[in-house]
Amino acid sequence: MTDTQIEKKELLENIIKGIEEVKGYDITILNFTKLENTITDYFVICTGGTNTQVSAISNSVERFVRNNTKDKPWHIEGVDNQQWVLMDYVSIVVHIFQPEYREYYDLENLWGDVEITRIPNPDK
């Protein structure tokens, strides 16, 4: 898995490209690197409007990362129901939600002391 800042940055960029490639939206990055004792460095959170789009996003992220960094997710959950897919790349955890599940779990507001970056939607 990734261990240098350059590799993490490249992984993060490829995750974002994979999401954008299939029109994932409301992309948000939570940066945990300034906190002590965290289990990951970043969360990347995005939304897909349907089961099909959530599946397409997870497949696109996996493909972009594999083709450009040769990295593979350590673990993936949620592929059976496609309501919330979690892709664990160890230093970066990707959360792909359908809108109602993203709103319900509201991960962005669980940590008040992390840096949050919102990626503008290209269509807006």
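The values are calculated or read from the model by the stated rules, or taken from the named source; none is laboratory data. The structure presented is a predicted model; accordingly, all values stated were derived computationally and were not measured. Ideal geometry is used to build each Cβ from the backbone, glycine not excepted, and the neighbour counts take in all protein chains shown. Protein only, heavy atoms only, side chains kept; ligands, DNA and RNA dropped before computing areas. Shrake-Rupley method; radii C 1.70, N 1.55, O 1.52, S 1.80 Å.
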Any chance the range 64-80 includes a residue that's buried (at least 19 other Cβ atoms within 10 Å of the Cβ) and assigned to a helix (DSSP H, G or I)? yes
Residue count, the range 14-36 (criterion: surrounded by 14 or more Cβ atoms within 10 Å (Cβ to Cβ) and either hydrophobic (A, V, I, L, M, F, W, C) or part of a helix (DSSP H, G or I) (or both)): 13
For residues in the range 1-13 being among the hydrophobic types (A, V, I, L, M, F, W, C) and part of a helix (DSSP H, G or I), which is most open to solvent (accessible area, probe 1.4 Å)? Ile6
Can you tell me which condition Val85 does not meet? The list is (1) open to solvent by less than 10 Å² (accessible area, probe 1.4 Å); (2) free of Cβ contacts under 8 Å to residues at least 12 places away in the same chain; (3) of a type in the set (Val, Ile, Thr), and all the others hold. (2)
I'm trying to understand the selection: among the residues of the range 82-124, which are in a strand (DSSP E or B) and aliphatic (A, V, I, L, M)? Val85, Leu86, Met87, Ile92, Val93, Val94, Ile96, Ile116, Ile119
Give the residue, chosen from Ser55, Ser60, that is surrounded by 19 or more Cβ atoms within 10 Å (Cβ to Cβ) and small (Gly, Ala, Ser). Ser60
Candidate set from the range 37-51 (those that are of a type in the set (Ser, Thr, Tyr) and within 15 Å of the chain's Cα centre (by Cα)); member that is surrounded by the fewest Cβ atoms within 10 Å (Cβ to Cβ): Thr40
Going through (1) β-branched (Val, Ile, Thr); (2) closer than 12 Å to Ile92 by Cα; (3) under 12 Å from the mean Cα position of the chain (by Cα) one by one, Val54 fails only at (2)
